Amino acid sequence: MTDRPRILFVHGAWVGAWEFADVVAQLRERGWVVDALDLPSTGSTAGIEADAAAVSAALDAKPGPVILVGHSYGGVPITQAGDHPAVRRLVFVAAFVLDVGESVQSSLGGALPELWHVDGGQVFLGSDRAERIAMVSADFPPGTPPEAAEQLAGMFRPQSLASFQGEVSSAAWRRKSTTYVLTENDVLVPPPFQELLATRAEAEIVRVPTGHAPFQEDPAGFVAVIEAVAATHES
C-alpha cells in the first residue's frame, strides 16, 4: 500500500483553523490524513515562538511524513518550525516567507499598514466592522453576495502585535523543499510582493487565479494543487 504524507494546515492572522474546513473535508474524503491547527497568537498577545511551538506540537502528535502548509501569516510559524524531521515539504499560500532576523513588520517596510488598527498589544483588521467588511469584500471575486463578506468579517478576531513584530530565528525553507502558491488576484498580499518572496526562497511557484484565500474561493482547485504537491511525496 502507498504511504501518503499527512497534510497539516496553518492559518493566517485574525482567523482560525476553520478557514480550511471545506478543503480539509474534501481531502479527507479523498483518503488523505489532514489536520488544521489554531495558532495561539490569534485572540491573544502571544508571539511567533508560541505559534511555532504549536506547529511543532502538531507535527509531534502523529507519526509519519508531513506536508506543512501555511497561509498568509501562517508562513511565519511554518518557517520557524519547519525544520522538524517529519516535514517533507513546505507550502506557502499567499504567505510571508521570512528570513532570519526578519519580521512581518520589517518585511512591510518597517511599519504596519494604516488599516491595521493597533490597540492593547493586539492588531485589528480595520478600525471598525464597516472597514473590515470593506477590506474583505475587496478581495472577493465580482458577483460575490455582500452577505459573504459580512459573515466572514464577523468571524475575525484580533491578532497579537508580537506575532507581527517578532523576528524569525530559523528559516526552514533554506533546507526544505518548498512550494509557493501565488494568488494572482490578491488585494491583501500583492502578487508582486509574493513573487519576490517566492523567488528569493527558490520555491516552485504554482499560480492560481484567485484572491487571498484560494481554499475558500475555489476549494476544488486548491485541493487539486495540494494533492499534486503531496503526491510527489508518496512512497
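The values are calculated or read from the model by the stated rules, or taken from the named source; none is laboratory data. Computed from a prediction, not measured in an experiment: that's the story for all the values here. Virtual Cβ from ideal backbone geometry, glycine too; neighbours counted across all protein chains shown. These area figures cover heavy atoms from the full protein model, side chains too; ligands, DNA and RNA do not enter into them. Shrake-Rupley method; radii C 1.70, N 1.55, O 1.52, S 1.80 Å.
Results, tabulated for the structure shown:
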item: The stretch 116-212: proportion of alpha-carbon pairs further apart than 18 angstrom, %; result: 61 percent
item: The chain, accessible surface, carbon-and-sulfur percent (1.4 angstrom probe); result: 54 percent
item: Evaluated at q = 0.16, 0.18 Å⁻¹: base-10 log I(q)/I(0), Debye formula over Cα of the stretch 167-209; result: -0.44, -0.54
item: Relative contact order (percent, whole number), the chain, Cα cutoff 8 Å, 6+ residue spacing; result: 25 percent
item: Probe 1.4 Å, protein heavy atoms only - accessible area per residue of the stretch 25-103 in square angstrom; result: 34 Å²
item: Alpha-carbon centroid distance for the pair the stretch 81-144 / the stretch 176-235, whole angstrom; result: 16 Å
item: Radius 13 Å from Cβ of Ala57, net charge of other residues (Lys, Arg +1; Asp, Glu -1); result: -4
item: Built amide H within the under 5 Å cut-off of Gly82, gap 5+; result: Ala172
item: Kirkwood hydrodynamic radius (C-alpha pairs) into Stokes-Einstein, the stretch 43-134, 25 °C and 0.890 mPa s, D in µm²/s; result: 167 µm²/s
item: For the stretch 162-235, convex hull volume per residue from C-alpha positions, Å³; result: 124 Å³
item: Accessible area per residue in Å² at 1.4 Å probe, computed on the stretch 152-235; result: 44 Å²
item: Interchain or long-range residues, amide H under 5 Å from Val206's placed H; result: Tyr180, Val181, Leu182
item: Gain in span if fully extended, Ile205 to Arg129, counting 0.36 nm per residue against the direct Cα distance; result: 23.9 nm
item: Debye log10 I(q)/I(0) for the chain, one point scatterer per Cα, at q = 0.16 Å⁻¹; result: -1.14
